[in-house]
Amino acid sequence: MITSEIKVCGKIDLLNACAAALDPEQEFKTDRATYNIKQTKDLIITIEAKDLIAFRAVMNSITSLLGIVSQNFKIKEVDEKNG
């Protein structure tokens, strides 16, 4: 079993957006890999996979979603600064 923990730090608005983006994907558990999210002052993502291919697939999915959220969050901040 491969297990990894990802810790995402940042503003609470960003962490809430990341959690909201990742939450629905948690329901698509397979026999080979799953992940869980827990939000404290940081966002903790725990991945469990039976093999490296499944681990990589879940990791790619998570990082893709986090990247999209991050880019949109930055755009939102710029728009808010520019009025």
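Every listed requirement among (1) modelled with pLDDT under 90; (2) in a helix (DSSP H, G or I); (3) not aliphatic (A, V, I, L, M) is met by residue 56 save one, (1). For the range 1-27, the set of residues classified as over 17 Å from residue 68 (Cβ atoms), exposed (fewer than 13 other Cβ atoms within 10 Å of the Cβ) and in contact (Cβ under 8 Å) with a residue 12 or more places away in the chain consists of 1, 3, 5, 7, 9, listed by residue number. The residues of the range 17-72 that are over 13 Å from the mean Cα position of the chain (by Cα), within 12 Å of residue 2 (Cα to Cα) and not β-branched (Val, Ile, Thr), listed by number, are 32, 33, 48, 49, 50, 51, 52, 54, 55, 56. Select from the range 24-47 the residues that are acidic (Asp, Glu) and at pLDDT below 90 and list them in ascending order. Once the filter is applied, which keeps residues that are acidic (Asp, Glu) and at pLDDT below 90, the range 24-47 yields 25, 27, 31.
Quick check: anything in the range 32-54 crowded, with 18+ Cβ neighbours inside 10 Å and of a type in the set (Ser, Thr, Tyr)? Yes, the range 32-54 contains at least one residue that is crowded, with 18+ Cβ neighbours inside 10 Å and of a type in the set (Ser, Thr, Tyr).
The values are calculated or read from the model by the stated rules, or taken from the named source; none is laboratory data. These figures come from a predicted structure and were not determined experimentally. Backbone-built Cβ (ideal geometry, glycine too); neighbour counts: all protein chains shown.
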